[in-house]
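The values are calculated or read from the model by the stated rules, or taken from the named source; none is laboratory data. Bear in mind that the values here come from a model prediction, so they are computed numbers and not experimental data. Backbone-built Cβ (ideal geometry, glycine too); neighbour counts: all protein chains shown.
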Amino acid sequence: MRSLKKCSGEDVAYHLLITVVAAVLLQAIGAFSVATPNTGCYALDNSSHIHDFSSWVGQPFEYEGKGKDADLVVRFCKDVESRSQAGYVDYGRFDKLNYFRAGSGRVSFVQEYFNGDLMNCEQSYDKMGRTAKVNIICGNCPHGQCKGGLGCICNVEYESACRTVVELAIPCEKPGLRVFEGFTVGFHPRSWEIVYNGLTQLGYEKAHKEFSFNTAQTRVALYMTAIASVSGSVQKPLVKVSPELGLKVTLSGSAATGGSPTTLSPTSLLIDWRCDVARDNPYEVEVTIPIENYDPVQFTLTKMCEYQQSDGGGAPGGWAIFGVLSCIVLVASTLFCCGGFIYKTRVYNQRGIDALPGMTVLSACLETVSGVGHGYSRPEDVNNPFANQASWERQPASTQATGRTSEVRSSVPGYKNVHKTDLSLEAADIWCSASAYKTLLKPSHFCGGKD
């Protein structure tokens, strides 16, 4: 058990040391990014090293036919033509999209040419008319046909009148950096605007002002994917800002902690940057992603700083907090109203608008503001003699006085038609005085006294 722990600790220390050394070297001497060549005339060999043939674009190679065979001309990364006194026949044009790839055996690379002349070849290979395939050999022809120069065509075979196979020998240049194939970086989990197939795309291989991010954008999210079999080779990214002062940059996300990206579960790299010093030219943020056993992936982002930004989240952060608080208040108010409505409905047997919480307080406030002493009455106060009545429920003063006088006389001892009641004469007098005051009548008039 001790030996296992010791080995594990040594492995961690070793990898940590390698990471630190790589970071120091990258910061000191700078890492060369594996950028996409300006032309599509490039290929990756079987060891994933890039070969750039941009300087060979349009270079002609001619093969002299024998007898009735026409001469065949290959214009490198351009087209393939069969020429004769009657003219020439186009056997296809070079397509830079995935048609320049590594070969096998003595063939180093393979090029494909499509969309040639269609006469009598409308039903040929993939319905593209005449096509050509060029097998590139790095070095000399097997039989030594080439006599110096930039190379020559070793052999030409016609599979049919619509398909030709050309064997071309050229002195290949020294291979370039090793590309981490299958690795992508984009602004979406399924996009690759920045890095595609391990190659940094045009616009991000160096600083471009037209590709700059504006000042208000304080965060950029990048997503990385890689082939699962080699995803563990991706290490923590490094950032270098130029100029060093004036722009504060911090990294976060699963990619910043060294997560392994795959095509099914991309990792995210969140770049938060804040402008401390405003300037006319954009800041350059160089992101370097070390890859074990491969050359690092490097790309450059540019950030405009037209004004200085505060430490706070700014207007977007403030509005976000306000929105969250508003949602909390709205939900709490809704729950309070619903709970109060259910409680008053079941406990106090109130119905309709009377069961809403706060209606009693609201009614009192409305009466106070309007100055009118008559408001809506609660259901339990209908039989209360002191309850206020709405204006449309009020009867004429004479009718009220007559009705109330007869009611009192019928309930007070000493009058005719006296009914059984528990109301004493003293209580009746108090009630009469209060009712007479409300109807602006004298107590003697209202309670059965003489004029």
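Across region 174-190, the qualifying residues are those that are under 15 Å from TYR294 (Cα atoms) and not in a loop (DSSP other than H, G, I, E, B), and the one among them that is nearest to the chain's Cα centre (by Cα) is THR184. Just a yes or no: is a residue in region 303-310 at pLDDT 90 or above and exposed (fewer than 11 other Cβ atoms within 10 Å of the Cβ)? Within region 303-310 (the criterion being at pLDDT 90 or above and exposed (fewer than 11 other Cβ atoms within 10 Å of the Cβ)), the answer is yes, since at least one residue qualifies.
Residues that are surrounded by fewer than 16 Cβ atoms within 10 Å (Cβ to Cβ) and either in contact with a strand residue (DSSP E or B) (Cβ under 6 Å, 6 or more places away or on another chain) or not assigned by TED's automatic domain parsing to the domain that holds PRO296 (or both) are absent from region 223-235.
Being surrounded by 18 or more Cβ atoms within 10 Å (Cβ to Cβ), within 16 Å of VAL74 (Cα to Cα), small (Gly, Ala, Ser) and touching a residue at least 12 places away in the same chain (Cβ under 8 Å) is a property that holds for GLY151. Considered as a group, the residues in region 258-292 that are of a type in the set (S, T, N, Q) and in contact with a strand residue (DSSP E or B) (Cβ under 8 Å, 6 or more places away or on another chain) include one that is farthest from TYR223 (Cα to Cα), and that residue is THR288. Within region 329-349, being touching a Pro at 6+ places or on another chain (Cβ under 8 Å) and either not assigned by TED's automatic domain parsing to the domain that holds THR360 or not in a helix (DSSP H, G or I) (or both) holds for no residue.
Looking only at residues in region 191-226 that are in a strand (DSSP E or B) and among the β-branched types (Val, Ile, Thr), which one is farthest from ASP45 (Cα to Cα)? My answer is VAL220. Restricted to strands (runs of 3 or more DSSP E) entirely inside region 66-118, those with at least 2 residues that are modelled with pLDDT of 90 or more, among the β-branched types (Val, Ile, Thr) and in the same structural domain as VAL134 (by TED's automatic domain parsing) are 71-75.
Within region 271-296, the set of residues being in contact (Cβ under 8 Å) with a residue 60 or more places away in the chain, surrounded by fewer than 13 Cβ atoms within 10 Å (Cβ to Cβ) and assigned to a loop (DSSP other than H, G, I, E, B) comprises just one member, ASN293. Quick one: would you say ILE353 is at pLDDT 80 or above, exposed (fewer than 15 other Cβ atoms within 10 Å of the Cβ) and not polar (S, T, N, Q)? Judged against the criteria, ILE353 is not a match. Is it true that some residue in region 190-213 is touching a Lys or Arg at 6+ places or on another chain (Cβ under 6 Å), touching a residue at least 12 places away in the same chain (Cβ under 8 Å) and within 16 Å of LEU301 (Cβ to Cβ)? Yes, region 190-213 contains a residue that is touching a Lys or Arg at 6+ places or on another chain (Cβ under 6 Å), touching a residue at least 12 places away in the same chain (Cβ under 8 Å) and within 16 Å of LEU301 (Cβ to Cβ). Evaluated against (1) buried (at least 18 other Cβ atoms within 10 Å of the Cβ); (2) farther than 30 Å from GLY203 by Cα, PHE322 falls short on exactly one condition, (1). When SER326, SER254, SER268 are checked against the criterion of being touching a residue at least 12 places away in the same chain (Cβ under 8 Å) and not in a loop (DSSP other than H, G, I, E, B), SER268 stands alone in meeting it. Inspection of region 268-286 identifies at least one residue that is closer than 18 Å to GLY182 by Cβ and not aromatic (Phe, Trp, Tyr). Working only within region 157-178, note down all residues that are among the hydrophobic types (A, V, I, L, M, F, W, C) and in contact (Cβ under 8 Å) with a residue 40 or more places away in the chain. The answer is ALA161, CYS162, VAL166, LEU168, ILE170, CYS172, LEU177.
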